[in-house]
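S.K.: First the structure, which I've put down as structure tokens, then a few questions once you've had a look.
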Amino acid sequence: MSGESGQPQAGPSHGGLYLPNSERNRVGVLRGVGRADAQGPRSWIQKVLEQITDSPRRRVTPSEVVPVAVVAVQRYLLEDEPRDRIRKPPLYCYDVTISDGVYQEKCYLDPSLNSLVYKNILKVGIEMRISRVSCVYNERRLGQGILCIDNVHCGKTLEAISLETPFRNRAHEEIPERPLRGGKSHYLALWNNEDPYGDIWLTNKQPEEHNFNNTKIISLSQLEMTWTNRRSFPALLVRILHKSKLRYYGKPDKNMIEPYQTFLEVADSSGTVSVIMWNALCPEWYKSLRVGLVLLLQDYSVKKSYPVRTQPLPADPQIKLISTMEICLNLRDPPNNIIIIPEKQVKPEWRLPKLNPRFITRSELDDMPANHICDVIGILVFVGRVQRSKKKESREDFWSYRWIHIADGTSEQPFIVELFSTSQPEIFENIYPTTYFMCTQLKVVRNDTQVPKLLYLTTTNESRVFITGPRGQPYTNDPKDANRPSTSQAARKESQSRERDSKQRQDLGPVGFQCVQATNGSLSPIKKKRILQGPHAKPFPVPQPETSAQKKENNLGLASTVQRQECVTARVVGKARKTISDRWESPLWREKKFDLIDHQYYSHVYPESIPRKFSFEHKKFLTEQYNSQPAKYVPPEGRPPKLDNFKSARSLGHFEVTILGLNHEIAMDVAFLPMYCPEDIRTSEIDTLLTCMNYSCVYPQETADSDRVLRPRALAGDIIKAVTELDREHIVGILDICNLGNNKVEVYLQKIYKPENIS
């Protein structure tokens, strides 16, 4: 349900929600799994455990293989064993909870099977047959034998699974949940390390009135001047101005129980400073602390600040930025004393700074310089599907992000926002069109030399998101000073669908057609990678040279590759009330297509890759379709609809394109997805095929009647006609490779270039 792509694309183009989309009953595992009655079958889990308990680590084939249901897939970091002498990279392990209709059992997944999770094959809600198992003991806990899954076959998605079956091992029901192996006290989020996950993350910290009569308080400016000469420090009375997302720094060779870190930027009347919260304090306090709260900090430590992190600038230039020291909060003896002071107890004479939001309107964004920090507010009109990009090539760590469009009514164009996870999964995973949405601390990304110009916003380390509107949120202290855009116009436009895709190019290295086959096998549905091949090339507004195009519906791709090719054919097919079918073939293609060494077919577009028009009635279902797979199974409400039943947000559909290699030995079918929405011509911008192929969008040609809009059939014909002008042209093309999981792969033509020198 999630996607991956090469490098960040400035605006979503595929796979999202648009504002107007006989053995099964044997043990009761599949449809309507429930507890077996007294006359029912014996637990398969129990029988298997009896087979293997006395033979640790010996792999055994169960005497009977029956289907079980996958109820949960949970991830954690396994630390090095004492016998390990060589430092290993982080090894993330998975505990898989299964149900056989009688019992549930939490099992350890052998790391050799981790790729099934990466590729979205092993996931919650499916039928699974376990064909080889073993028993592993957790030597850190007495008497806990663990069922290890060593070989499986993953089957179809189940219509329903009952969660009423009990755990065979009552220890698996403990709260907070603990991983089966190692000494970790908690699980990680399934797809990234930034999101808090599980029961260890508390939310129960409340403001409490404090008697200040016997409390000595020091200002930040005084502390800056005297901290090196002090052994103990008076209390600090500060307001939270910024809160960063979580940082997980766990490593296999570091025996840290809860290795988390977060930054708070706090201020009093004399200055602002960074507060670092470490380790177990993060699960205890992170979700309770929000921007705007007033804190009383006692029993903290002070350290010299090192320039490894850039502090966010205070919104008020009058506040001094203190960068020579930092405040540290960690579990210690005596423990840190953190008190949330109720706002009603805050006195004017404390002169604590107010929050000064930096709201801008969409009409003002065009004049903002690159890297400018701002806040935005408006109505969500597009929510793209969740994607992941790799932090480092050699690691298993990823960023989670999605593209969104926010309309504020001040411009015909929306804000395009690259929204990375802000450690607020309760919001990030539950946004949909029509939501009143606010996002703070966004950075402007722009490139005015690119055609079309690149302009979008991206989140920073301190960005926070809100979906309930400004009432009750921290940015209501001084509304007169806030440049708050009007949302009344946005509300009137909340039914408009907007698509604009501004894209970046990144050169990483040369590859050929073989790269697609080699790469798609290693891509998970949430991984992102881009690979380029060919000589130095400059953007050139030309249609797709020597290609075969076919018009259908749309999608988005996730890892990418650039290839230099020769173009030979084009054909178009579309789905509507009447099928559109236009095609063009180069004479060269007719001559060479029967002599190919290899012809790769990757042009099929799957339903989950098509952006859909949003239906509020089915918001829960649609939101789930464009999120990453959950870690725990959630029973559907009634019979869920089918994704194909929701209208596509792309009226033009997509083209299937065949690309021929320069040596005329290998060809590849890919999809081309121009953006066109006749309901909103200003966001479609149709022009020549050359431009549309170069920028993955369609621009309208000049017509005598300015009010006349070309319909999809006419536009499709024009694109095919324009392709013929590129017969035998050499191109360099950027391809997006998307592994949707479950052995489904899509490849999309994202952009083409014409080489400066083709000799």
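S.K.: Is it true that PRO335 is in a loop (DSSP other than H, G, I, E, B) and not assigned by the TED database to the domain that holds ARG290? Before the answer, list the steps.
M.R.: Working: in a loop (DSSP other than H, G, I, E, B): yes; not assigned by the TED database to the domain that holds ARG290: no.
For PRO335, the condition - in a loop (DSSP other than H, G, I, E, B) and not assigned by the TED database to the domain that holds ARG290 - is not met.
S.K.: Name the one entry in PRO67, PRO82, PRO89 that is at pLDDT below 80 and closer than 28 Å to SER628 by Cα. Give the derivation first.
M.R.: Numbers: PRO67 fails: at pLDDT below 80; PRO82 fails: closer than 28 Å to SER628 by Cα.
Just one listed residue meets the conditions, PRO89.
S.K.: (1) within 40 Å of the chain's Cα centre (by Cα); (2) modelled with pLDDT of 90 or more; (3) polar (S, T, N, Q): which one isn't true of SER221, the others all being true?
M.R.: Only one criterion in (1) within 40 Å of the chain's Cα centre (by Cα); (2) modelled with pLDDT of 90 or more; (3) polar (S, T, N, Q) is unmet by SER221, namely (1).
S.K.: If LYS480 satisfies every condition in (1) part of a loop (DSSP other than H, G, I, E, B); (2) modelled with pLDDT under 95 but one, which is the exception?
M.R.: Evaluating LYS480 over (1) part of a loop (DSSP other than H, G, I, E, B); (2) modelled with pLDDT under 95 leaves (1) as the failure.
Residues checked against (1) under 20 Å from THR460 (Cα atoms); (2) open to solvent by less than 40 Å² (accessible area, probe 1.4 Å); (3) assigned to a loop (DSSP other than H, G, I, E, B):
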site	(1), (2), (3)
ILE339	no, yes, no
GLU349	no, no, no
PRO369	yes, no, yes
ILE377	yes, yes, no
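S.K.: Restricting to segment 381-434, name every residue that is under 22 Å from CYS738 (Cβ atoms), open to solvent by 10 Å² or more (accessible area, probe 1.4 Å) and among the aliphatic types (A, V, I, L, M).
M.R.: Listed by number, the list holds a single entry, ILE416.
S.K.: Can you tell me which residues in segment 383-406 are at pLDDT below 90 and either part of a loop (DSSP other than H, G, I, E, B) or touching a Leu at 6+ places or on another chain (Cβ under 7 Å) (or both)?
M.R.: ARG385, GLN387, LYS391, LYS392, GLU393, SER394, ARG395, GLU396, ASP397 - these are the residues of segment 383-406 that are at pLDDT below 90 and either part of a loop (DSSP other than H, G, I, E, B) or touching a Leu at 6+ places or on another chain (Cβ under 7 Å) (or both).
S.K.: Evaluate the following for THR310: is it open to solvent by 20 Å² or more (accessible area, probe 1.4 Å), of a type in the set (Val, Ile, Thr) and either not assigned by the TED database to the domain that holds THR226 or not in a loop (DSSP other than H, G, I, E, B) (or both)? Don't jump to the end; show me each part of the working.
M.R.: Details: open to solvent by 20 Å² or more (accessible area, probe 1.4 Å): yes; of a type in the set (Val, Ile, Thr): yes; either not assigned by the TED database to the domain that holds THR226 or not in a loop (DSSP other than H, G, I, E, B) (or both): no.
Judged against the criteria, THR310 is not a match.
S.K.: So which residues in segment 743-759 are outside any strand (DSSP E or B) and at pLDDT below 75, if there are any at all? Talk me through it step by step, then tell me what you get.
M.R.: Narrowing segment 743-759 to residues outside any strand (DSSP E or B): 743, 756-759.
Scanning segment 743-759 gives GLU756, ASN757, ILE758, SER759.
S.K.: Using the structure shown, decide if ILE161 is buried (at least 18 other Cβ atoms within 10 Å of the Cβ), of a type in the set (A, V, I, L, M) and within 27 Å of LYS391 (Cβ to Cβ).
M.R.: The answer is no for ILE161.
S.K.: Going by the conditions given, is SER269 surrounded by fewer than 21 Cβ atoms within 10 Å (Cβ to Cβ), under 22 Å from ILE339 (Cα atoms) and hydroxyl-bearing (Ser, Thr, Tyr)? Talk me through it step by step, then tell me what you get.
M.R.: Values: surrounded by fewer than 21 Cβ atoms within 10 Å (Cβ to Cβ): yes; under 22 Å from ILE339 (Cα atoms): yes; hydroxyl-bearing (Ser, Thr, Tyr): yes.
Criteria met by SER269.
S.K.: Moving to a separate point now. Looking for something open to solvent by 30 Å² or more (accessible area, probe 1.4 Å), in contact with a Lys or Arg (Cβ under 7 Å, 6 or more places away or on another chain) and modelled with pLDDT of 90 or more - is there at least one such residue anywhere in segment 128-137? Lay out the reasoning, then the answer.
M.R.: Taking segment 128-137 and keeping what is open to solvent by 30 Å² or more (accessible area, probe 1.4 Å), we get 129, 131-132, 137.
Imposing the further condition that a residue be in contact with a Lys or Arg (Cβ under 7 Å, 6 or more places away or on another chain) reduces the set to 132.
The next check asks that each one be modelled with pLDDT of 90 or more; those that pass are 132.
There is at least one residue in segment 128-137 that is open to solvent by 30 Å² or more (accessible area, probe 1.4 Å), in contact with a Lys or Arg (Cβ under 7 Å, 6 or more places away or on another chain) and modelled with pLDDT of 90 or more.
S.K.: Tell me which of these TRP201 doesn't satisfy, since it passes every other one: (1) more than 21 Å from TYR118 (Cα to Cα); (2) surrounded by fewer than 18 Cβ atoms within 10 Å (Cβ to Cβ); (3) at pLDDT 90 or above; (4) within 33 Å of the chain's Cα centre (by Cα).
M.R.: (2)
S.K.: If you check ASP595 against the conditions, is it part of a loop (DSSP other than H, G, I, E, B) and at pLDDT 85 or above? Full working, then the answer.
M.R.: Details: part of a loop (DSSP other than H, G, I, E, B): yes; at pLDDT 85 or above: yes.
Spelling it out, ASP595 is indeed part of a loop (DSSP other than H, G, I, E, B) and at pLDDT 85 or above.
S.K.: When only residues in segment 219-266 that are in contact with a Leu (Cβ under 7 Å, 6 or more places away or on another chain) and of a type in the set (D, E, K, R) count, which is surrounded by the most Cβ atoms within 10 Å (Cβ to Cβ)?
M.R.: LYS243
S.K.: Report every pair of residues separated by at least 6 positions or lying on different chains whose Cβ atoms are under 7 Å apart, first residue within segment 103-117 and open to solvent by 50 Å² or more (accessible area, probe 1.4 Å), second in a helix (DSSP H, G or I).
M.R.: Within 7 Å, the pairs are TYR103/ILE45; TYR103/GLN46.
The values are calculated or read from the model by the stated rules, or taken from the named source; none is laboratory data. Just so we're clear, the structure is a prediction, and the values are computed from it rather than from any experiment. Here Cβ is always computed from backbone atoms with ideal geometry, including for glycine, and neighbour counts include all displayed protein chains. What goes into the accessible areas is simple: the full protein's heavy atoms, side chains included, and nothing from ligands, DNA or RNA. Shrake-Rupley method; radii C 1.70, N 1.55, O 1.52, S 1.80 Å.
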